[in-house]
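Enquirer: Take a look at this one; I'll ask things after.
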Amino acid sequence: QDECGLIGTIEYIIGRDAVDATLTTPDVVTNHRMLSEMLKNKMKSAVMEATSIALTQNRLDEIDFDIALFTNFSQDHLDYHKTMEEYLNSKALLFKKLSSDKTALINCDDLASSVLIKECKAKVKTYGTKSNADYQISNIELKASSTAFDLKIENQSYKVKTPLIGMFNVYNTTAAIAVAIEAKQPIDEVTKKAEHFIAPRGRLQSIANPFRAQIFVDFAHTEDALKSVLESLRQIKPKRLITVFGCGGDRDPLKRPFMGKVVADLSDITIITSDNPRSEDPLKICLEVQKGCRTNRQVIVEPDRRKAIQKSLEILEPDDILIIAGRGHEKHQIIKGEQFPFEDAMIVSDLISQSSLLNSK
(Lines give C-alpha, C1' and ligand atoms only; values in the text may rest on other atoms or scores of the structure.)
Protein backbone atom coordinates (compact mmCIF):
# COMPACT_ATOMS: atom_id res chain seq x y z
CA GLN A 1 0.00 0.00 0.00
CA ASP A 2 3.04 2.30 -0.26
CA GLU A 3 2.37 3.23 -3.88
CA CYS A 4 -0.03 6.11 -3.21
CA GLY A 5 0.81 9.32 -1.35
CA LEU A 6 -1.66 11.51 0.52
CA ILE A 7 -1.89 15.20 1.35
CA GLY A 8 -5.04 15.92 3.35
CA THR A 9 -6.75 17.13 6.51
CA ILE A 10 -5.69 14.31 8.83
CA GLU A 11 -2.18 13.42 7.69
CA TYR A 12 0.46 13.51 4.96
CA ILE A 13 1.68 10.11 3.72
CA ILE A 14 5.01 10.14 1.88
CA GLY A 15 6.43 6.68 1.29
CA ARG A 16 6.39 4.80 4.58
CA ASP A 17 6.24 8.02 6.59
CA ALA A 18 3.01 9.54 7.84
CA VAL A 19 2.89 12.84 9.74
CA ASP A 20 -0.04 14.74 11.23
CA ALA A 21 -1.26 17.44 8.87
CA THR A 22 -0.88 21.11 9.74
CA LEU A 23 -3.04 22.41 6.88
CA THR A 24 -5.38 20.41 4.66
CA THR A 25 -3.63 21.91 1.62
CA PRO A 26 -0.17 23.28 2.52
CA ASP A 27 1.69 26.14 0.82
CA VAL A 28 2.85 25.73 -2.78
CA VAL A 29 6.50 25.02 -1.86
CA THR A 30 5.57 22.33 0.68
CA ASN A 31 3.18 20.70 -1.81
CA HIS A 32 5.87 20.41 -4.50
CA ARG A 33 8.47 19.24 -1.99
CA MET A 34 6.17 16.45 -0.75
CA LEU A 35 5.23 15.39 -4.28
CA SER A 36 8.94 15.30 -5.15
CA GLU A 37 9.64 13.11 -2.11
CA MET A 38 6.83 10.78 -3.18
CA LEU A 39 8.54 10.37 -6.57
CA LYS A 40 11.84 9.58 -4.86
CA ASN A 41 10.00 6.94 -2.83
CA LYS A 42 8.80 5.39 -6.12
CA MET A 43 5.13 6.18 -5.42
CA LYS A 44 2.96 5.83 -8.51
CA SER A 45 0.15 8.19 -7.54
CA ALA A 46 -0.92 10.82 -5.03
CA VAL A 47 -4.24 12.03 -3.64
CA MET A 48 -4.66 15.63 -2.47
CA GLU A 49 -7.47 17.52 -0.79
CA ALA A 50 -7.73 20.84 -2.59
CA THR A 51 -9.38 23.47 -0.40
CA SER A 52 -11.16 26.49 -1.78
CA ILE A 53 -8.85 28.81 0.17
CA ALA A 54 -5.75 27.06 -1.19
CA LEU A 55 -7.08 27.42 -4.74
CA THR A 56 -7.64 31.17 -4.37
CA GLN A 57 -4.17 31.57 -2.83
CA ASN A 58 -2.50 29.69 -5.72
CA ARG A 59 -1.11 26.98 -3.42
CA LEU A 60 -1.83 24.38 -6.12
CA ASP A 61 -0.08 26.19 -8.96
CA GLU A 62 1.92 24.04 -11.40
CA ILE A 63 0.32 20.81 -10.12
CA ASP A 64 -1.14 18.97 -13.10
CA PHE A 65 -4.08 16.93 -11.79
CA ASP A 66 -5.21 13.93 -13.84
CA ILE A 67 -8.52 13.52 -12.00
CA ALA A 68 -10.45 16.16 -10.04
CA LEU A 69 -13.31 15.04 -7.77
CA PHE A 70 -16.25 17.12 -6.51
CA THR A 71 -18.13 15.67 -3.52
CA ASN A 72 -20.57 18.32 -2.26
CA PHE A 73 -21.12 22.02 -1.59
CA SER A 74 -22.56 23.66 1.54
CA GLN A 75 -22.05 26.76 3.67
CA ASP A 76 -18.56 27.01 5.14
CA HIS A 77 -15.55 29.35 5.19
CA LEU A 78 -17.69 32.49 4.77
CA ASP A 79 -15.35 34.27 7.18
CA TYR A 80 -12.90 34.07 4.24
CA HIS A 81 -14.99 33.97 1.06
CA LYS A 82 -17.76 36.40 2.18
CA THR A 83 -20.48 34.97 -0.11
CA MET A 84 -21.61 31.50 -1.18
CA GLU A 85 -21.14 32.50 -4.82
CA GLU A 86 -17.53 33.48 -4.17
CA TYR A 87 -16.99 30.22 -2.25
CA LEU A 88 -18.38 28.12 -5.12
CA ASN A 89 -16.34 30.03 -7.70
CA SER A 90 -13.23 29.27 -5.63
CA LYS A 91 -14.02 25.54 -5.69
CA ALA A 92 -14.64 25.76 -9.44
CA LEU A 93 -11.03 26.92 -10.00
CA LEU A 94 -9.86 23.30 -9.68
CA PHE A 95 -12.10 22.23 -12.56
CA LYS A 96 -11.45 25.31 -14.72
CA LYS A 97 -7.72 24.49 -14.67
CA LEU A 98 -8.16 20.93 -15.98
CA SER A 99 -7.07 20.42 -19.58
CA SER A 100 -9.24 18.56 -22.08
CA ASP A 101 -7.31 15.28 -21.71
CA LYS A 102 -8.04 15.10 -17.94
CA THR A 103 -11.10 13.83 -16.04
CA ALA A 104 -13.57 15.57 -13.73
CA LEU A 105 -15.69 13.36 -11.46
CA ILE A 106 -18.78 15.23 -10.27
CA ASN A 107 -21.51 14.32 -7.77
CA CYS A 108 -24.51 15.11 -9.98
CA ASP A 109 -26.94 14.88 -7.03
CA ASP A 110 -25.49 18.13 -5.65
CA LEU A 111 -27.14 21.32 -6.94
CA ALA A 112 -23.75 23.00 -7.42
CA SER A 113 -22.66 20.34 -9.95
CA SER A 114 -24.07 22.23 -12.96
CA VAL A 115 -21.85 25.26 -12.23
CA LEU A 116 -18.71 23.12 -12.10
CA ILE A 117 -19.59 21.15 -15.23
CA LYS A 118 -20.24 24.38 -17.17
CA GLU A 119 -16.76 25.70 -16.30
CA CYS A 120 -14.92 22.47 -17.12
CA LYS A 121 -13.03 21.63 -20.34
CA ALA A 122 -12.05 18.14 -19.16
CA LYS A 123 -13.94 14.89 -19.76
CA VAL A 124 -16.79 14.94 -17.21
CA LYS A 125 -17.99 11.76 -15.51
CA THR A 126 -20.84 11.92 -12.98
CA TYR A 127 -21.85 9.81 -10.00
CA GLY A 128 -25.04 9.78 -7.92
CA THR A 129 -28.56 8.38 -7.77
CA LYS A 130 -29.80 10.10 -10.95
CA SER A 131 -30.63 7.79 -13.85
CA ASN A 132 -28.17 9.52 -16.19
CA ALA A 133 -25.17 9.24 -13.83
CA ASP A 134 -22.13 7.44 -15.26
CA TYR A 135 -21.76 5.75 -11.87
CA GLN A 136 -25.37 5.23 -10.84
CA ILE A 137 -26.23 4.35 -7.23
CA SER A 138 -29.42 2.38 -6.44
CA ASN A 139 -30.97 -0.14 -4.01
CA ILE A 140 -29.26 1.34 -0.95
CA GLU A 141 -29.33 -0.69 2.29
CA LEU A 142 -28.24 1.26 5.38
CA LYS A 143 -27.55 -0.79 8.52
CA ALA A 144 -25.98 -0.09 11.91
CA SER A 145 -22.71 -1.80 11.06
CA SER A 146 -22.55 -1.87 7.25
CA THR A 147 -23.87 -0.47 3.98
CA ALA A 148 -24.75 -2.11 0.67
CA PHE A 149 -25.86 -0.71 -2.67
CA ASP A 150 -25.90 -1.42 -6.39
CA LEU A 151 -23.55 0.53 -8.65
CA LYS A 152 -24.29 0.59 -12.37
CA ILE A 153 -21.21 1.23 -14.53
CA GLU A 154 -21.36 1.03 -18.32
CA ASN A 155 -24.71 -0.84 -18.19
CA GLN A 156 -23.29 -3.46 -15.84
CA SER A 157 -24.50 -3.63 -12.22
CA TYR A 158 -22.15 -4.38 -9.31
CA LYS A 159 -23.09 -5.10 -5.69
CA VAL A 160 -21.01 -2.92 -3.36
CA LYS A 161 -20.69 -3.70 0.34
CA THR A 162 -18.74 -1.67 2.88
CA PRO A 163 -18.38 -1.54 6.67
CA LEU A 164 -18.67 2.26 6.44
CA ILE A 165 -22.12 3.45 7.50
CA GLY A 166 -24.42 6.26 6.46
CA MET A 167 -25.67 7.77 3.21
CA PHE A 168 -22.70 10.15 2.92
CA ASN A 169 -20.43 7.08 2.89
CA VAL A 170 -22.44 5.68 -0.02
CA TYR A 171 -21.34 8.78 -1.93
CA ASN A 172 -17.78 8.66 -0.58
CA THR A 173 -17.39 4.96 -1.43
CA THR A 174 -18.75 5.50 -4.93
CA ALA A 175 -16.40 8.45 -5.43
CA ALA A 176 -13.38 6.36 -4.38
CA ILE A 177 -14.42 3.51 -6.69
CA ALA A 178 -14.96 5.94 -9.58
CA VAL A 179 -11.53 7.53 -9.12
CA ALA A 180 -9.85 4.11 -9.16
CA ILE A 181 -11.74 3.03 -12.28
CA GLU A 182 -10.95 6.30 -14.08
CA ALA A 183 -7.31 5.62 -13.15
CA LYS A 184 -7.63 2.36 -15.15
CA GLN A 185 -8.02 -0.06 -12.23
CA PRO A 186 -10.09 -3.23 -12.93
CA ILE A 187 -13.78 -2.66 -12.09
CA ASP A 188 -14.32 -6.08 -10.45
CA GLU A 189 -11.33 -5.67 -8.15
CA VAL A 190 -12.14 -2.09 -7.18
CA THR A 191 -15.78 -2.74 -6.26
CA LYS A 192 -14.74 -5.69 -4.06
CA LYS A 193 -12.14 -3.60 -2.20
CA ALA A 194 -14.93 -1.53 -0.65
CA GLU A 195 -15.52 -4.48 1.71
CA HIS A 196 -12.21 -3.63 3.41
CA PHE A 197 -12.60 0.15 3.66
CA ILE A 198 -11.78 1.58 7.09
CA ALA A 199 -13.16 4.87 8.39
CA PRO A 200 -10.41 7.51 8.72
CA ARG A 201 -9.55 8.70 12.22
CA GLY A 202 -12.26 11.06 13.46
CA ARG A 203 -14.68 10.27 10.63
CA LEU A 204 -17.64 8.46 12.22
CA GLN A 205 -15.01 6.69 14.31
CA SER A 206 -16.59 4.05 16.55
CA ILE A 207 -15.53 4.03 20.23
CA ALA A 208 -15.74 0.76 22.15
CA ASN A 209 -17.86 1.04 25.29
CA PRO A 210 -19.54 -1.15 27.92
CA PHE A 211 -22.92 0.60 27.78
CA ARG A 212 -24.50 -1.47 24.96
CA ALA A 213 -24.77 1.78 23.01
CA GLN A 214 -22.94 3.13 19.97
CA ILE A 215 -20.52 6.03 20.37
CA PHE A 216 -19.03 7.90 17.40
CA VAL A 217 -16.55 10.73 17.02
CA ASP A 218 -16.95 12.74 13.81
CA PHE A 219 -15.45 15.82 12.15
CA ALA A 220 -18.83 17.24 10.97
CA HIS A 221 -18.58 20.98 11.61
CA THR A 222 -20.97 22.55 9.10
CA GLU A 223 -24.76 22.59 8.91
CA ASP A 224 -24.78 20.29 5.88
CA ALA A 225 -22.24 17.83 7.30
CA LEU A 226 -24.14 17.61 10.61
CA LYS A 227 -27.44 17.10 8.78
CA SER A 228 -25.91 14.36 6.66
CA VAL A 229 -24.35 12.41 9.52
CA LEU A 230 -27.34 12.79 11.87
CA GLU A 231 -29.83 11.72 9.18
CA SER A 232 -27.64 8.69 8.51
CA LEU A 233 -27.61 7.76 12.21
CA ARG A 234 -31.39 8.33 12.44
CA GLN A 235 -31.88 5.72 9.71
CA ILE A 236 -30.27 3.15 12.03
CA LYS A 237 -33.22 3.77 14.38
CA PRO A 238 -31.49 4.25 17.77
CA LYS A 239 -33.58 4.45 20.94
CA ARG A 240 -32.27 8.01 21.33
CA LEU A 241 -29.76 10.07 19.37
CA ILE A 242 -27.56 12.25 21.60
CA THR A 243 -25.31 14.88 19.98
CA VAL A 244 -22.44 16.81 21.55
CA PHE A 245 -21.14 19.62 19.33
CA GLY A 246 -20.00 23.23 19.17
CA CYS A 247 -18.92 25.96 16.74
CA GLY A 248 -15.41 27.31 16.25
CA GLY A 249 -14.52 30.81 17.40
CA ASP A 250 -13.23 33.51 15.02
CA ARG A 251 -15.06 31.84 12.15
CA ASP A 252 -18.33 32.62 10.31
CA PRO A 253 -20.77 33.41 13.17
CA LEU A 254 -23.82 33.40 10.87
CA LYS A 255 -23.81 29.61 10.61
CA ARG A 256 -24.07 29.04 14.39
CA PRO A 257 -27.89 29.18 14.83
CA PHE A 258 -28.37 27.14 11.64
CA MET A 259 -26.08 24.43 13.01
CA GLY A 260 -27.99 24.57 16.29
CA LYS A 261 -31.31 24.15 14.49
CA VAL A 262 -30.28 21.15 12.40
CA VAL A 263 -28.77 19.34 15.43
CA ALA A 264 -31.73 20.04 17.73
CA ASP A 265 -34.23 19.01 15.03
CA LEU A 266 -32.50 15.66 14.43
CA SER A 267 -31.31 14.78 17.97
CA ASP A 268 -33.31 13.62 20.98
CA ILE A 269 -30.81 15.33 23.29
CA THR A 270 -28.48 18.14 22.18
CA ILE A 271 -25.47 19.17 24.26
CA ILE A 272 -23.92 22.43 23.02
CA THR A 273 -20.29 22.92 24.02
CA SER A 274 -16.99 24.41 22.87
CA ASP A 275 -15.20 23.43 19.68
CA ASN A 276 -12.11 25.63 19.24
CA PRO A 277 -13.25 28.91 20.82
CA ARG A 278 -9.96 30.61 19.85
CA SER A 279 -10.17 34.25 21.02
CA GLU A 280 -13.95 34.25 21.64
CA ASP A 281 -15.89 33.61 24.85
CA PRO A 282 -17.00 29.92 24.73
CA LEU A 283 -20.33 30.62 26.47
CA LYS A 284 -21.16 33.42 24.01
CA ILE A 285 -20.61 31.02 21.09
CA CYS A 286 -22.78 28.34 22.75
CA LEU A 287 -25.64 30.81 23.32
CA GLU A 288 -25.50 31.92 19.65
CA VAL A 289 -25.80 28.26 18.65
CA GLN A 290 -28.69 27.77 21.09
CA LYS A 291 -30.71 30.57 19.42
CA GLY A 292 -31.38 28.21 16.51
CA CYS A 293 -32.61 25.34 18.71
CA ARG A 294 -36.37 25.79 18.39
CA THR A 295 -37.47 22.39 19.65
CA ASN A 296 -39.35 20.72 22.48
CA ARG A 297 -36.49 18.24 22.82
CA GLN A 298 -33.83 18.56 25.49
CA VAL A 299 -31.03 21.07 24.90
CA ILE A 300 -28.14 21.40 27.36
CA VAL A 301 -25.42 24.09 27.30
CA GLU A 302 -22.04 23.15 28.83
CA PRO A 303 -19.10 25.23 27.52
CA ASP A 304 -16.47 22.89 29.03
CA ARG A 305 -16.09 20.18 26.35
CA ARG A 306 -14.79 17.50 28.72
CA LYS A 307 -17.73 18.07 31.11
CA ALA A 308 -20.13 18.02 28.16
CA ILE A 309 -18.79 14.66 27.00
CA GLN A 310 -18.96 13.33 30.56
CA LYS A 311 -22.59 14.47 30.82
CA SER A 312 -23.43 12.66 27.56
CA LEU A 313 -21.89 9.42 28.87
CA GLU A 314 -23.76 9.72 32.17
CA ILE A 315 -27.15 9.90 30.42
CA LEU A 316 -26.29 7.24 27.78
CA GLU A 317 -28.57 4.19 27.83
CA PRO A 318 -28.53 0.84 25.98
CA ASP A 319 -29.45 1.13 22.27
CA ASP A 320 -28.73 4.88 22.23
CA ILE A 321 -26.35 6.46 19.74
CA LEU A 322 -24.01 9.19 20.97
CA ILE A 323 -22.13 11.32 18.45
CA ILE A 324 -19.46 13.79 19.48
CA ALA A 325 -19.10 16.09 16.48
CA GLY A 326 -17.02 18.97 15.20
CA ARG A 327 -13.40 18.11 15.94
CA GLY A 328 -12.91 14.55 14.74
CA HIS A 329 -9.19 13.79 14.47
CA GLU A 330 -7.98 17.08 15.99
CA LYS A 331 -5.57 16.67 18.89
CA HIS A 332 -5.61 20.17 20.40
CA GLN A 333 -8.18 22.71 21.50
CA ILE A 334 -7.38 26.38 20.89
CA ILE A 335 -8.44 28.67 23.75
CA LYS A 336 -7.30 32.32 24.07
CA GLY A 337 -4.45 31.75 21.63
CA GLU A 338 -3.10 28.69 23.47
CA GLN A 339 -3.19 25.05 22.36
CA PHE A 340 -4.30 22.46 24.90
CA PRO A 341 -4.12 18.69 24.29
CA PHE A 342 -7.67 17.48 23.60
CA GLU A 343 -8.63 14.57 21.34
CA ASP A 344 -12.30 13.60 21.53
CA ALA A 345 -11.76 9.85 21.08
CA MET A 346 -9.14 9.74 23.84
CA ILE A 347 -11.27 11.85 26.20
CA VAL A 348 -14.24 9.49 25.68
CA SER A 349 -12.13 6.39 26.33
CA ASP A 350 -10.56 8.03 29.39
CA LEU A 351 -13.95 8.97 30.85
CA ILE A 352 -15.37 5.50 30.14
CA SER A 353 -12.48 3.91 32.02
CA GLN A 354 -13.19 5.92 35.15
CA SER A 355 -14.71 3.61 37.71
CA SER A 356 -17.17 6.25 39.00
CA LEU A 357 -18.86 6.49 35.60
CA LEU A 358 -19.00 2.72 35.16
CA ASN A 359 -20.33 2.18 38.69
CA SER A 360 -23.09 4.72 38.16
CA LYS A 361 -24.63 2.63 35.37
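Enquirer: What shape does segment 34-126 take by its C-alpha gyration tensor, where a ≥ b ≥ c are the square roots of the eigenvalues and a/c under 1.5 counts as rounded, a/b above b/c as prolate, and the rest as oblate?
Expert: Numbers: a/c = 2.13, a/b = 1.38, b/c = 1.55.
Oblate.
Enquirer: Check each of the trypsin sites (Lys or Arg not before Pro) in segment 210-264 and keep only those in coil by DSSP with at most 13 other C-beta atoms within 10 angstrom; list them in order.
Expert: Arg212, Lys239
Enquirer: How many nm is it between the label spots at Glu154 and Glu317, if each spot is 7 Å from the Cα in line with the beta carbon?
Expert: Result: 5.4 nm between the two label points.
Enquirer: Does segment 175-309 come out rounded, prolate or oblate by the C-alpha gyration tensor, with a ≥ b ≥ c the root eigenvalues, rounded set by a/c under 1.5 and, if not, prolate when a/b is larger than b/c and oblate if not? Each step should come with its number before you reach the end.
Expert: Working: a/c = 2.29, a/b = 1.78, b/c = 1.29.
It is prolate, given that a/c is not under 1.5 and a/b is the larger ratio.
Enquirer: If each residue of separation counts as 0.36 nm, what is the full-extension length gain between Asp250 and Ser349 once their alpha-carbon separation is subtracted? Please report the intermediate quantities before stating the final value.
Expert: Details: separation 99, 0.36 × 99 = 35.64 nm, distance 2.94 nm.
Contour length minus the Cα-Cα distance gives 32.7 nm.
Enquirer: Which value, in Å², gives the accessible area per residue of the chain when a 1.4 Å probe is used on the protein heavy atoms? Write down the numbers at each step before the final one.
Expert: Working: 17810 Å² over 361 residues.
Per residue, the chain has 49 Å² of solvent-accessible surface.
Enquirer: Compute the long axis of helix 84-96 from its Cα atoms, compare it with the longest principal axis of the Cα atoms of the chain, and write down the angle in degrees, 0 to 90, nearest 10.
Expert: For helix 84-96, the angle is close to 40 degrees.
Enquirer: With a cap of 15 neighbouring Cβ atoms within 10 Å, and only residues DSSP puts in a loop, list the GluC sites (Glu not before Pro) found in segment 152-258. Don't skip to the end; give the middle numbers.
Expert: Values: sites: Glu154, Glu182, Glu189, Glu195, Glu223, Glu231; in loops: Glu154.
Loop-located and lightly packed - Glu154.
Enquirer: While we're here: Rank Leu88, Leu142, Leu313 by accessible area, highest first, at a 1.4 Å probe radius? Write out the running numbers ahead of the final one.
Expert: On the way: Leu88 20, Leu142 45, Leu313 0 Å².
The residues order as Leu142, Leu88, Leu313, largest area first.
Enquirer: So if R0 is 51 Å, what FRET efficiency would Lys44 and Leu111 give, r being the distance between their Cβ atoms, rounded to the nearest 0.05? Intermediate values should be presented prior to the final figure.
Expert: Details: r = 35 Å, r/R0 = 0.69.
That gives a FRET efficiency of 0.90.
Enquirer: Across the chain, what fraction of all alpha-carbon pairs, as a whole percent, falls in each successive 10 Å bin from zero upward?
Expert: 5, 22, 32, 27, 12, 2, 0
Enquirer: Something else about it: Any idea what the dipole of the chain comes to, in debye rounded to 20, about its Cα centre with Lys/Arg Cβ at +1 and Asp/Glu Cβ at -1?
Expert: Details: 48 positive and 51 negative charges, 115 e Å.
I would put it at about 560 debye.
Enquirer: In whole percent, and with a 1.4 Å probe on the protein chains, what portion of the accessible area of the chain is carbon and sulfur?
Expert: Details: 8990 of 17810 Å².
About 51 percent, which is the carbon plus sulfur part of the accessible surface.
Enquirer: Could you check what % of the DSSP bridge pairs in segment 109-167 are antiparallel, to the nearest 5? Show your work: numbers first, answer last.
Expert: Details: 13 of 15 bridges.
In segment 109-167, approximately 85 percent of DSSP beta bridges are antiparallel ones.
Enquirer: Moving to a separate point now. Using a Förster distance of 22 angstrom, determine the FRET efficiency expected from the C-beta separation of Ile198 and Glu141, and round it to 0.05.
Expert: Details: r = 20 Å, r/R0 = 0.90.
Computed FRET efficiency for Ile198 and Glu141 comes out at 0.65.
Enquirer: Could I ask something else about it? Between Lys336 and Ile53, how high is the FRET efficiency from 1/(1 + (r/R0)^6) when r is the Cβ-Cβ distance and R₀ = 30 Å? Nearest 0.05. Walk me through the intermediate numbers first.
Expert: On the way: r = 24 Å, r/R0 = 0.81.
Calculated value: 0.80.
Enquirer: Then there is this: Can you grab the distance from the C-alpha centre of segment 103-167 to the C-alpha centre of segment 288-316, Å, no decimals?
Expert: Going from one Cα centre to the other spans 35 Å.
Enquirer: Name the residue from Ile323, Gly249, Val115 whose Cα lies farthest towards the positive end of the charge dipole of the chain, charges +1 on Cβ of Lys and Arg and -1 on Cβ of Asp and Glu.
Expert: Highest projection toward the positive end goes to Ile323.
The values are calculated or read from the model by the stated rules, or taken from the named source; none is laboratory data. What you see is a predicted model; the values in this text were computed from it and never measured. Counting neighbours? That spans all protein chains shown, and the Cβs are built from the backbone with ideal geometry, glycine included. What goes into the accessible areas is simple: the full protein's heavy atoms, side chains included, and nothing from ligands, DNA or RNA. Shrake-Rupley method; radii C 1.70, N 1.55, O 1.52, S 1.80 Å.
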